[in-house]
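Trainee: For reference, the structure I am asking about is given below.
The values are calculated or read from the model by the stated rules, or taken from the named source; none is laboratory data. These numbers come from a predicted model, not from an experiment. Here the Cβ positions follow ideal geometry from the backbone for every residue, glycine too, while neighbour counts run over all protein chains shown. Ligands, DNA and RNA are excluded from the accessible area calculation, which covers all protein heavy atoms including side chains. Shrake-Rupley method; radii C 1.70, N 1.55, O 1.52, S 1.80 Å.
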Amino acid sequence: MAHIPAATLGNKNKKHFLGVPAPLGYVAGVGRGATGFTTRSDIGPARDANDVSDDRHAPPAAKRKKKEEEEEDDEDLNDSNYDEFSGYSGSLFSKDPYDKDDAEADAIYESIDKRMDEKRKEYREKRLKEDLERYRQERPKIQQQFSDLKRNLIAVSEDEWANLPEVGDSRNKKQRNPRAEKFTPLPDSVLSRNLGGESSTAIDGRSGLASMIPGVATPGMLTPSGDLDLRKIGQARNTLMNVKLSQVSDSVAGQTVVDPKGYLTDLQSMIPTYGGDINDIKKARMLLKSVRETNPYHPPAWIASARLEEVTGKLQMARNLIMRGCEQNPQSEDLWLEAARLQPPDTAKGVIAQAARRIPTSVRIWIKAADLETEPKAKRRVFRKALEHIPNSVRLWKAAVEMENPEDAKILLSRAVECCGTSVELWLALARLETYENARKVLNKAREKIPTDRQIWTTAAKLEEANGNIHMVEKIIDRALSSLSANGVEINRDQWLQEAIEAEKSGAIRCCQAIVRAVIATGIDEEDRKQTWIDDAENCAKEGAYECARAVYSYALTEFPSKKSIWLRAAYFEKNHGTRESLEALLQKAVAHCPQSEVLWLMGAKSKWLAGDVPAARGILSLAFQANPNSEDIWLAAVKLESENAEYERARRLLAKARASAPTPRVMMKSAKLEWALNNLEDALSLLEDAVKVFPDFAKLWMMKGQIEEQKELLERAGESYNAGLKRCPNSIPLWLLLAALEEKRKLLTKARSVLERGRLKNAKNALLWLAAIRIEIRAGMKDMANTLMARALQDCPNAGELWAESIFLEARPQRKTKSVDALKKCEHDPHVLLAVSKLFWSERKLQKCRDWFNRTIKIDPDFGDAWAYFYKFELQHGTEQQQNELIERCNAAEPKHGEEWCKVSKNIANWCFKTEDVLKGVVRILPTPI
């Protein structure tokens, strides 16, 4: 065994880390659970080996290195290193190729981003616009704040403008410096005149005029003789101008840059015709040139190049380019047509002639050639030459036929149908020009050539109808359907119905009816027939095809003769679009099939009554009695017929029979109303007392009883009647209003307020009771109390149009417009609010706006009589007689029944015989003019 030195053994037992500096982040005892801590002698905390190093303890070289790296990173973030696709740091996959899949993926992501952005774009834009408008209202610009003051400046006169002081000049300058003198330099034209009557062109320097010329009166600047030669001053000025022009006009190379004589004219001719960027034009020109040189046989490149030059104002260059394109592509009709468009008319004829020689089969070129001709004879010659080359062009034949007179057109069309046997239009045009017999032959030939077209069959049916062969019309339509089906043509029901509508518009009534009967049941399920036919009839009526709609109803009624709804729709259709005779004939059939339908009987009786045939109306009602012996509506209709015709005894007998056989509340009410109208108050009261015992829950009986007692000045009894009625009918708002009005009439305002308060407790959120309470306070002169009540009412009924309409006129005049805007926001389609806005415009004398808003009101609610009355009063003041008569006709057609002011007249027992027009004029007399 070899001897090993002791030193070597000692080194072997020595640990390798002894005497070596501790590694960065080393903490003694960390493996045994020790933690680092910091003392005042330490700089920085103890850290784990995995912590980020603290730069404060790094060597200077490391710090310099890190600083350089940060500077390099900052340089990388410059705009010059920014790439739109990869960003600042560059793409992680920049080494890989950017292939088609990557492009498709980017396109998909971009489309998704675009869709997500557009998803709520409209909402965002609307929201932004509203925010901007609200901001403008809250913080208006200065010019908007002073707009009313600016408008008043039109009254300022010229003298007042001239006397306005300068800015910052609170006193007159003459008062501050009365000795100051003003000298205004005179123009040369004044100085060159004959001053003082002498013809001298020099001014004495010692004179006063010399001091008015700047620099002349300066000491040391005068000539030895003391005179100033004006002629020499003008010559010197011209010389100086010539020197400046020479400096501008000559460049370093000695070439003339500016023409001193014509440079203004040149500037005028340099006005650009294209407003875009000149760099874009250059780029487009280079790109198009590259396309032309790469593929000279691509016509769109030549067309685009020519149009670019045309847009930039270089028309001749555009013409040259397009002609070069035609040389390169002589078979392109687009190029030749573009060349003809760019050339002047005379040259264009030559170009299009050359094009016709190169492409003799181009229809568009021949039509362009005909358009370039101005004389009809030359146009005909062009079309005939074209048809020699293209005999099967329908477009050319049609254009050629339009240029001819009827006889020559017939000859041309006979040749055209030989060349273009499949053109339906040419066959039909020839048939229209021929006589009846020849037209039948032409249509028969057309059916042989084109067995799948329905227009030929419908034209044949119209031809037979026009020549009186009515029996042939239905046969032809039936043959058409069978023939087309045999040839594999699908019978499209909607298309045939449209064909029927077209036939009616052309005057072929029997043809349209035959088509409807033939196809109306095609392709419809059994259970859908009724509703489908009703929809078809309504669609035909909307398009103005009333005969088609009548035919649809007729067919539906033959299939469903006992359906009252179809009879009613057909009756209303005849009432609106038919004659009285057709309506009455339909109603006779209707009551025969539906005798239990009271509405049909009443419509028939009313039609006879309105026509003045009262005995016929009585006869219809008597038949209606037999079919419906205990019908309340028929009893009351008979009573109305007799009372309207002053047959009061008959009406009384009818009502007595009705009370005996069918004692209903309405019959009792009508009985009392007849006696009340005839001023038999005791009989009326007696009937009402009996009626309220039998029908105590019918509020109108209590109302009539109280009103009759008021009329007899029995106010105590009237109050008792109203109170008794309210005990049985607490939800009857008119009863509460009548009782409150009675207490106000008796000067008992406290009781009236109490009645309305009790009414509001029984009927919560009722606008009419609030409105009555507000008006009581207004009539009592308590404006503040009325405003308080209005605020409470609008809180209780925020969407009540009656309250908002009243609140507008409770405000002072300047605040009414703002209140009307708030009302429209809450109740946009309420007729009361619309009427209030109309009256507001009327009070402001905005007549056209007022008329428009009145029309909106009566369109939204034609049954609102107050709107008609105010509108008629407005037209009486500001409209023409024609407008007034037209409004009366519209009101009679609408037959309004409701409205506060309207009911005051129509419900007044003294006006019980008033027609709609009488009520309208009666309401106008009591209406106030809005102020």
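Trainee: Does region 330-342 hold any residues that are surrounded by fewer than 16 Cβ atoms within 10 Å (Cβ to Cβ) and acidic (D, E), and which are they?
Mentor: The answer is D334, and nothing else.
Trainee: Related question: Kindly indicate whether P615 is in contact (Cβ under 8 Å) with a residue 24 or more places away in the chain and either in a loop (DSSP other than H, G, I, E, B) or loosely packed, with under 14 Cβ neighbours inside 10 Å (or both).
Mentor: Values: in contact (Cβ under 8 Å) with a residue 24 or more places away in the chain: no; either in a loop (DSSP other than H, G, I, E, B) or loosely packed, with under 14 Cβ neighbours inside 10 Å (or both): yes.
Criteria not met by P615.
Trainee: Does L636 satisfy the criteria of being open to solvent by less than 40 Å² (accessible area, probe 1.4 Å) and out of contact with any Phe, Trp or Tyr (no Cβ under 9 Å at 6 or more places or on another chain)?
Mentor: Details: open to solvent by less than 40 Å² (accessible area, probe 1.4 Å): yes; out of contact with any Phe, Trp or Tyr (no Cβ under 9 Å at 6 or more places or on another chain): yes.
So L636 passes the test.
Trainee: In addition: Give me the pairs: first residue in region 381-404 and assigned by the TED database to the domain that holds W366, second residue of a type in the set (V, I, T) and open to solvent by 20 Å² or more (accessible area, probe 1.4 Å), beta-carbon distance under 7 Å, and six or more apart or on different chains, which are they?
Mentor: Close Cβ pairs (under 7 Å, with a partner that is of a type in the set (V, I, T) and open to solvent by 20 Å² or more (accessible area, probe 1.4 Å)) amount to H389/T361; I390/T361; I390/V363; S393/V363; R395/V363; L396/V363; A399/I367.
Trainee: Something else about it: M785 fails exactly one of the following numbered conditions: (1) modelled with pLDDT under 90; (2) farther than 30 Å from I909 by Cα; (3) over 43 Å from the mean Cα position of the chain (by Cα). What is the number of that condition?
Mentor: (1)
One line per residue, one yes/no per condition, for (1) open to solvent by less than 70 Å² (accessible area, probe 1.4 Å); (2) out of contact with any helix residue (DSSP H, G or I) (no Cβ under 8 Å at 6 or more places or on another chain); (3) small (G, A, S); (4) more than 27 Å from F573 (Cβ to Cβ):
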{"position": "T458", "(1), (2), (3), (4)": "yes, no, no, no"}
{"position": "I470", "(1), (2), (3), (4)": "yes, no, no, no"}
{"position": "S483", "(1), (2), (3), (4)": "yes, no, yes, yes"}
{"position": "R493", "(1), (2), (3), (4)": "yes, no, no, no"}
{"position": "L497", "(1), (2), (3), (4)": "yes, no, no, no"}
{"position": "A508", "(1), (2), (3), (4)": "yes, no, yes, no"}
{"position": "R529", "(1), (2), (3), (4)": "yes, no, no, no"}
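Trainee: Something else about it: Are any residues in region 879-900 open to solvent by 40 Å² or more (accessible area, probe 1.4 Å), in a helix (DSSP H, G or I) and either at pLDDT 90 or above or of a type outside the set (G, A, S) (or both), and if so, which ones? Even if it seems obvious, please write down each step before you answer.
Mentor: So in region 879-900, the residues open to solvent by 40 Å² or more (accessible area, probe 1.4 Å) come out as 880-883, 885-886, 889-890, 892-893, 895, 897-898, 900.
Filter once more, keeping what is in a helix (DSSP H, G or I): 881-883, 885-886, 889-890, 892-893, 900.
Across region 879-900, the qualifying residues are E881, Q882, Q883, N885, E886, E889, R890, N892, E900.
Trainee: Follow-up question, since we're still on this one. Take region 134-144 and flag every residue that is surrounded by 10 or more Cβ atoms within 10 Å (Cβ to Cβ) and assigned to a helix (DSSP H, G or I).
Mentor: Step one: list which residues in region 134-144 are surrounded by 10 or more Cβ atoms within 10 Å (Cβ to Cβ), which gives 134-136, 140, 144.
Passing the criteria: R134, Y135, R136, Q144.
One line per residue, one yes/no per condition, for (1) more than 30 Å from I278 (Cβ to Cβ); (2) in the same structural domain as R432 (by the TED database); (3) surrounded by 16 or more Cβ atoms within 10 Å (Cβ to Cβ):
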{"position": "Y297", "(1), (2), (3)": "yes, yes, no"}
{"position": "E309", "(1), (2), (3)": "no, yes, yes"}
{"position": "R319", "(1), (2), (3)": "no, yes, yes"}
{"position": "P344", "(1), (2), (3)": "no, yes, no"}
{"position": "A348", "(1), (2), (3)": "yes, yes, yes"}
{"position": "S362", "(1), (2), (3)": "yes, yes, yes"}
{"position": "P376", "(1), (2), (3)": "yes, yes, no"}
{"position": "K379", "(1), (2), (3)": "yes, yes, yes"}
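Trainee: Also, quick follow-up: Whether any residue in region 536-549 is outside any helix (DSSP H, G or I), closer than 26 Å to S631 by Cα and in contact with a helix residue (DSSP H, G or I) (Cβ under 7 Å, 6 or more places away or on another chain) is what I want to check.
Mentor: The first filter runs over region 536-549 and keeps only residues outside any helix (DSSP H, G or I), leaving 543-545.
Narrowing the set further to residues that are closer than 26 Å to S631 by Cα leaves none.
Checked region 536-549: no residue is outside any helix (DSSP H, G or I), closer than 26 Å to S631 by Cα and in contact with a helix residue (DSSP H, G or I) (Cβ under 7 Å, 6 or more places away or on another chain).
Trainee: Could you list, ordered by first residue, the pairs with Cβ atoms under 9 Å in which the first is in region 339-350 and touching a residue at least 12 places away in the same chain (Cβ under 8 Å) and farther than 15 Å from M317 by Cα and the second is among the hydroxyl-bearing types (S, T, Y) and open to solvent by 30 Å² or more (accessible area, probe 1.4 Å), at least 6 apart or interchain?
Mentor: These pairs meet every condition: P345/T374.
Trainee: Which of the residues belonging to region 381-405 are assigned to a helix (DSSP H, G or I) and either touching a Cys at 6+ places or on another chain (Cβ under 7 Å) or not aliphatic (A, V, I, L, M) (or both)? Before you say what the answer is, go through the steps one by one.
Mentor: Looking only at region 381-405, we keep the residues that are assigned to a helix (DSSP H, G or I), and these are 381-389, 394-402.
Selection gives R381, F383, R384, K385, E388, H389, V394, R395, W397, K398, E402.
Trainee: Scan (1) closer than 22 Å to K907 by Cα; (2) among the acidic types (D, E); (3) open to solvent by 20 Å² or more (accessible area, probe 1.4 Å) for the single condition E757 breaks and write down its number.
Mentor: Unmet for E757, out of (1) closer than 22 Å to K907 by Cα; (2) among the acidic types (D, E); (3) open to solvent by 20 Å² or more (accessible area, probe 1.4 Å): (1).
Trainee: Then there is this: Considering only region 542-550, I want to know if a residue exists there that is farther than 27 Å from L587 by Cβ, surrounded by 14 or more Cβ atoms within 10 Å (Cβ to Cβ) and in contact (Cβ under 8 Å) with a residue 24 or more places away in the chain. Walk me through how you get there before you give the answer.
Mentor: Here is the first cut: in region 542-550, the ones farther than 27 Å from L587 by Cβ are none.
Scanning region 542-550, I find no residue that is farther than 27 Å from L587 by Cβ, surrounded by 14 or more Cβ atoms within 10 Å (Cβ to Cβ) and in contact (Cβ under 8 Å) with a residue 24 or more places away in the chain, so the answer is no.
Trainee: Would you confirm whether any residue within region 850-866 is charged (D, E, K, R) and open to solvent by less than 20 Å² (accessible area, probe 1.4 Å)? Working first, answer last.
Mentor: As a first pass, look at region 850-866 and keep what is charged (D, E, K, R): 851-852, 856, 859, 861, 863, 866.
With the extra rule that they be open to solvent by less than 20 Å² (accessible area, probe 1.4 Å), the set shrinks to 866.
Looking through region 850-866, at least one residue is charged (D, E, K, R) and open to solvent by less than 20 Å² (accessible area, probe 1.4 Å).
Trainee: Is it true that F93 is modelled with pLDDT under 80 and loosely packed, with under 10 Cβ neighbours inside 10 Å? Walk me through it before giving the result.
Mentor: Values: modelled with pLDDT under 80: yes; loosely packed, with under 10 Cβ neighbours inside 10 Å: no.
So F93 does not fit the description; no.
Trainee: Could I ask something else about it? Could you please find all residues in region 381-393 being open to solvent by less than 60 Å² (accessible area, probe 1.4 Å) and more than 24 Å from V424 (Cβ to Cβ)? Walk me through how you get there before you give the answer.
Mentor: Pass one, region 381-393, residues open to solvent by less than 60 Å² (accessible area, probe 1.4 Å): 382-383, 386-387, 390-391, 393.
Across region 381-393, the qualifying residue is only V382.
Trainee: Using the structure shown, decide if E327 is open to solvent by 70 Å² or more (accessible area, probe 1.4 Å) and not basic (K, R). Outline the logic, then answer.
Mentor: Numbers: open to solvent by 70 Å² or more (accessible area, probe 1.4 Å): yes; not basic (K, R): yes.
So E327 passes the test.
Trainee: Kindly establish whether T347 is hydroxyl-bearing (S, T, Y) and within 24 Å of A306 (Cα to Cα). Walk me through how you get there before you give the answer.
Mentor: Details: hydroxyl-bearing (S, T, Y): yes; within 24 Å of A306 (Cα to Cα): yes.
When the stated conditions are applied, T347 passes them.
Trainee: For region 448-504, what are the residues that are of a type in the set (G, A, S) and touching a residue at least 40 places away in the same chain (Cβ under 8 Å)? Please lay out each step first, then the result.
Mentor: Here is the first cut: in region 448-504, the ones of a type in the set (G, A, S) are 460-461, 466, 468, 480, 482-483, 485-486, 488, 500, 503.
Those that are of a type in the set (G, A, S) and touching a residue at least 40 places away in the same chain (Cβ under 8 Å): A461, A466, A500, A503.
Trainee: Follow-up. Yes or no: D796 modelled with pLDDT of 90 or more and surrounded by fewer than 22 Cβ atoms within 10 Å (Cβ to Cβ)? Write out each step before concluding.
Mentor: Numbers: modelled with pLDDT of 90 or more: no; surrounded by fewer than 22 Cβ atoms within 10 Å (Cβ to Cβ): yes.
Judged against the criteria, D796 is not a match.
Trainee: Something else about it: Quick check on S393: is it farther than 30 Å from A460 by Cα and in contact with a helix residue (DSSP H, G or I) (Cβ under 8 Å, 6 or more places away or on another chain)?
Mentor: Details: farther than 30 Å from A460 by Cα: no; in contact with a helix residue (DSSP H, G or I) (Cβ under 8 Å, 6 or more places away or on another chain): yes.
The answer is no for S393.
Trainee: Output the qualifying pairs, or none if there are none: Cβ atoms under 9 angstrom, residues six or more apart or on different chains, first residue in region 285-309 and more than 14 Å from S332 (Cβ to Cβ), second residue assigned to a loop (DSSP other than H, G, I, E, B) and among the polar types (S, T, N, Q).
Mentor: R285/T312
Trainee: Does V905 satisfy the criteria of being open to solvent by less than 70 Å² (accessible area, probe 1.4 Å), touching a Leu at 6+ places or on another chain (Cβ under 8 Å) and under 26 Å from S807 (Cβ atoms)? Explain how you work it out, then say what you get.
Mentor: On the way: open to solvent by less than 70 Å² (accessible area, probe 1.4 Å): yes; touching a Leu at 6+ places or on another chain (Cβ under 8 Å): no; under 26 Å from S807 (Cβ atoms): yes.
Considered against the rule, which asks whether it is open to solvent by less than 70 Å² (accessible area, probe 1.4 Å), touching a Leu at 6+ places or on another chain (Cβ under 8 Å) and under 26 Å from S807 (Cβ atoms), V905 comes out as no.
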